[in-house]
1. So if the hydrodynamic radius of the chain is defined as the Kirkwood radius over C-alpha pairs, what does Stokes-Einstein give as its diffusion coefficient at 20 °C and 1.002 mPa s, in µm² per second?
2. Using a 7 Å offset from the Cα along the Cα-to-Cβ direction at both Thr109 and Glu55, what is the distance between the two label points in nm, to one decimal?
3. Compute the Cα gyration tensor for the stretch 1-130, then decide on rounded, prolate or oblate, letting a ≥ b ≥ c be the square roots of its eigenvalues: rounded whenever a/c is under 1.5, prolate when a/b is larger than b/c in the other cases, and oblate in all that remain.
4. I want to check the label-to-label distance for Glu101 and Met155. Put each point 7 Å from Cα in the C-beta direction and report it in nm to one decimal.
5. Among Pro186, Pro82, Pro40, which one shows the highest mean-square fluctuation when the chain is modelled as a Gaussian network with alpha-carbon springs under 10 Å?
6. I need the peptides 163-175, 25-37 ranked by packing, meaning the mean over residues of other C-beta atoms within 10 angstrom, with the highest value on top.
7. How far is it, in nm, from the label point at Arg209 to the one at Glu121 when both lie 7 Å from their Cα along the line to the Cβ?
Amino acid sequence: MDDPAARALFGDRLGLAARYAELLVTDGVVRGLIGPREAPRIWERHLLNSAAVAELIPPAVRVVDVGSGAGLPGLVLAIARPDLSVVLLEPMARRTSFLTEVVAALGLTASVRVVRARAEEAVGRLPGGPADIVTARAVAPLDRLAGWCLPLLEMGGRLLAIKGASAAAEAEEHAAVVRRLGGGRPVVRVCGADLLDQPTTVVEIVRERAVARPSGRRPATRAGRAGRSGRRGRSG
């Protein structure tokens with residue numbers, strides 16, 4: 001991969017990113033984590049889109065990637081930023097198996113942990129304690145996402161939700177719910193504007209206060225996950 005954006009985002013770890021990309025378009029496709037039509041655009045649509053988020057993350061912090069799937073964006077961030085400690089949080093066994101194998105193959109076991117759990121099951125049980133940053137890509141609408149992710153954060157920590165063109169409208173629509181869940185006002189950030197033809201849009205939410213957690217489990221659904229393989233490179 002000889003691309004100025006890729007060199008800028010991954011630096012001397014570009015070769016490691018290329019190894020990960022190869023695993024995604026081979027084993028990831030065979031095992032159903034990446035749609036076959038995503039393989040030709042794995043860099044521009046997935047790896048670079050994910051790596052651009054690193055500009056919002058301060059040095060040497062703890063990151064939890066919720067609904068990590070094939071490792072987007074959490075594993076990409078771990079490759080681009082070796083100073084980060086990253087937990088890949090994913091409930092599905094076949095995805096956690098893939099992630100565990102990839103982390104080992106890339107030699108990232110010292111900085112990356114794979115945890116099989118739903119976000120609400122991991123509250124208070126994360127390795128190392130609450131996170132400084134929680135990331136999520138194409139997991140759920142912002143109101144549900146905030147409910148799952150904010151309790152995983154330290155007070156003052158930030159949720160970085162990668163969203164599409166409707167990010168501003170979604171942030172406005174769900175601002176009141178996010179506030180009730182203990183978050184600050186959602187702020188839309190644009191990452192990689194000077195590097196990418198299509199910059200990454202992120203909704204940032206700061207955890208401002210603790211709130212009582214609702215009883216009971218969330219509905220057992222990750223609606224549209226099977227149909228989202230084209231958007232984030234993973235399927236059912």
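No lab work stands behind these numbers, since they all come straight from the coordinates. Predicted, not measured: the structure shown is a model, and the values here were computed from it. Glycine also receives a Cβ, built like all others from the backbone with ideal geometry; neighbour counts cover every protein chain displayed.
1. 122 µm²/s
2. 3.6 nm
3. Numbers: a/c = 1.87, a/b = 1.20, b/c = 1.55.
In terms of gyration-tensor shape, oblate.
4. Rounded to a tenth, the inter-label distance reads 4.4 nm.
5. Most flexible of the set in this elastic network: Pro40.
6. Averaged packing, sorted descending, gives the order 25-37, 163-175.
7. If labels sit at Arg209 and Glu121, their model points lie 3.2 nm apart.
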